[in-house]
Structures are given as structure tokens and as C-alpha cells.
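Asks: Here it is, the structure, as C-alpha cells.
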Amino acid sequence: MNAITRLPFLADVALSEGDDAAADDRFAIPEREGKRRRYRTIWISDIHLGTRGCNAKMLIDFLDSVDSDTMYLVGDIIDGWRLKKRFYWPAAHNDVVWRVMKRAKRGTRVVYIPGNHDEMFRQFTGMSFGGVEIRRKAIHETADGRKLLVLHGDEFDTIMLAHRWLAFVGDAAYTMLMRLNVVVNAVRQRLGLPYWSLSKMAKHKVKNAVSFISRFEEVVAHEAGTRGVDGVVCGHIHNAEMREIEGVAYYNDGDWVEGCTALVEHFDGRMEVLHWADEIALRTADEPARIAA
């Protein structure tokens, strides 16, 4: 049986027919109640559900803390490459999917733009699944009138286009690094230390990786400029960034494997990258003071 067809949320899309209470019964991690920060738009990508490197619990904390009018899932949400090799799908990964679908049912516009790791969903472009729109790319208009091209970004990855076999080899090496990352952070958690990304540090210490990231950003921004938009939002390279390149605004929402970041648009059109590990660390540090008060 194909690993993708074995995913629990594909077997029964209850949110499309049932109510929120029925969906809540499915959560292994109960949805946290309380006031949420609201944004006009949220972009997240590169979650890689179906892998051990996915920081699903941290993403669940994020989803239970924020809300928005629109949410873009900018590719590599599910790691089809890894699931084909070995099926891995813990309850927390299902919780992420159900939370997103519950959000769509509540009225948030959710747009899913598959990437290279979840390219099997690209065949459903133009369709809606449980209230989630599947698109190949999108144009987003900000509150201050700017037009942003939204796409995953693998379209501009020369390694993916010219040497697909090399991308798979790189994926295997990256997976090994992420397994080590999980072990390191399990030890740090036991010692009471905050989350720290070994893989992110390694990537930014390797000269070739830094050069590739910079070149990728320039290529994506240039292509966006030729399409007549004001900026571009992408994922793919697991490197959250906001900068202007040749008059084009370049935004990368990062990932939920290494950096655990999201890109958000405030209601005045202002853009911001949220580093959720830092947010959790600040919240944890403030907890003793709130209890004492």
C-alpha cells in the first residue's frame, strides 16, 4: 500500500462534515484555549510531517497561540520522500493537520502550495481538500497594496532541476543530521535548556551552503521582479529571511525542522519573522514571575 494513502487524516476528513467537538476528540495534544495573537496573514512551510526531525509539538504550540485571516502553507508540509522509504506518523503529526483543517472550517482562508517533498499533491492543483485550497503558486496582496508572489521555491533550485539524483543524496545526509539534532535537543530538554538547532548552526558554518543560500535568494528575487510583483514569499531552503534585493522584497518563512519560524503580516501590512523557539523561551522565563505575582 502507498504510504501516502495510509495517512490517518486522508482516511476520514471529519472536519468537512462534522463539528469542532468531534474534531477535538481526535487531538492527542488538546487544543489550548485562550486569547490568540491575530495577524492578517501567516506563512509557514517546510514542516516535513512524517519525519523524526519535524518539531510538531512546537508547531502545535504556535498554532494554538496565533490566528489569522489567511494562512499559506508554502510547501514541504508532508515529507513524501521519507514516507515512501519508511512510514512514520506519530499522533502529534496528525494533530498538526487537524488543527489546520479546523482553522479552515472556522473561516480562515488556507492555501496549500505543495513543494518538492510533497509534490504528489501538485496533481490536485485547483482543487479544495477539507476547505484547504491547493495551488501551484499564488499572488498575495498586502494591506498596504503590495503584490507578493507566493511559491515554494524549488523551481529555482538548480540542484533540483539539473541533478535530481544529487538532491536525493543530499536529503539522505540531511536526514542523518536531523536525527542527531533530535538527540541533542532531547538531552538539552532534560538539562532544562532551550531548543537549539545543530543543523542550522552547521549550515551557516559551511561556506558552500552560505553561498548557495545567497545565490538562491538573488535568483528568486530576480525572477519575481521579471513577473512585475513587489516581492516574493518562499520556503524550501530552511532559512528565514527578510531583505530587499534589487528593489524586490524577498521573504522566506523558514521551517519547522531547524529554525521553527513563521512569516506574518500585521494588519497595517508590516511583515515580521517569528522565531518560535525564542518565544517559548521568553514565556518559560516569565512563568516564575507570573506565579510569584
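The values are calculated or read from the model by the stated rules, or taken from the named source; none is laboratory data. None of the values given here were measured: they were computed from a predicted structure. Counting neighbours? That spans all protein chains shown, and the Cβs are built from the backbone with ideal geometry, glycine included.
Asks: Please enumerate the residues belonging to the stretch 102-160 that are aromatic (Phe, Trp, Tyr) and either within 18 Å of the chain's Cα centre (by Cα) or part of a strand (DSSP E or B) (or both). Lay out the reasoning, then the answer.
Replies: Keep residues of the stretch 102-160 that are aromatic (Phe, Trp, Tyr), which gives 112, 121, 124, 129, 156.
Those that are aromatic (Phe, Trp, Tyr) and either within 18 Å of the chain's Cα centre (by Cα) or part of a strand (DSSP E or B) (or both): Tyr112, Phe121, Phe129.
Asks: Sort out which residues of the stretch 82-121 are basic (Lys, Arg) and in contact (Cβ under 8 Å) with a residue 60 or more places away in the chain, and write them in order of number.
Replies: Result: Arg82, Lys84, Arg99, Lys102, Lys105, Arg106.
Asks: Also: For the stretch 224-242, which residues satisfy the criterion of being modelled with pLDDT of 90 or more and either outside any strand (DSSP E or B) or out of contact with any strand residue (DSSP E or B) (no Cβ under 9 Å at 6 or more places or on another chain) (or both)?
Replies: Those that are modelled with pLDDT of 90 or more and either outside any strand (DSSP E or B) or out of contact with any strand residue (DSSP E or B) (no Cβ under 9 Å at 6 or more places or on another chain) (or both): Ala224, Gly225, Thr226, Arg227, Gly228, Val229, Asp230, Gly235, His236, Ala240.
Asks: If Ala262 satisfies every condition in (1) touching a residue at least 60 places away in the same chain (Cβ under 8 Å); (2) in a loop (DSSP other than H, G, I, E, B); (3) touching a Gly at 6+ places or on another chain (Cβ under 9 Å) but one, which is the exception?
Replies: Here Ala262 meets the rest and fails (2).
Asks: While we're looking at this one, here's another question. Working only within the stretch 195-223, note down all residues that are β-branched (Val, Ile, Thr), farther than 25 Å from Glu279 by Cβ, surrounded by 13 or more Cβ atoms within 10 Å (Cβ to Cβ) and modelled with pLDDT under 90.
Replies: Step one: of the stretch 195-223, the residues β-branched (Val, Ile, Thr) are 206, 210, 213, 219-220.
Narrowing further to those that are farther than 25 Å from Glu279 by Cβ: 206, 210, 219-220.
With surrounded by 13 or more Cβ atoms within 10 Å (Cβ to Cβ) added as a condition, the list becomes 210, 219-220.
Val210, Val219 - these are the residues of the stretch 195-223 that are β-branched (Val, Ile, Thr), farther than 25 Å from Glu279 by Cβ, surrounded by 13 or more Cβ atoms within 10 Å (Cβ to Cβ) and modelled with pLDDT under 90.
Asks: Would you be able to say whether some residue in the stretch 18-41 is closer than 25 Å to His152 by Cα, modelled with pLDDT of 95 or more and in a loop (DSSP other than H, G, I, E, B)?
Replies: Within the stretch 18-41 (the criterion being closer than 25 Å to His152 by Cα, modelled with pLDDT of 95 or more and in a loop (DSSP other than H, G, I, E, B)), the answer is no, since none of the residues qualifies.
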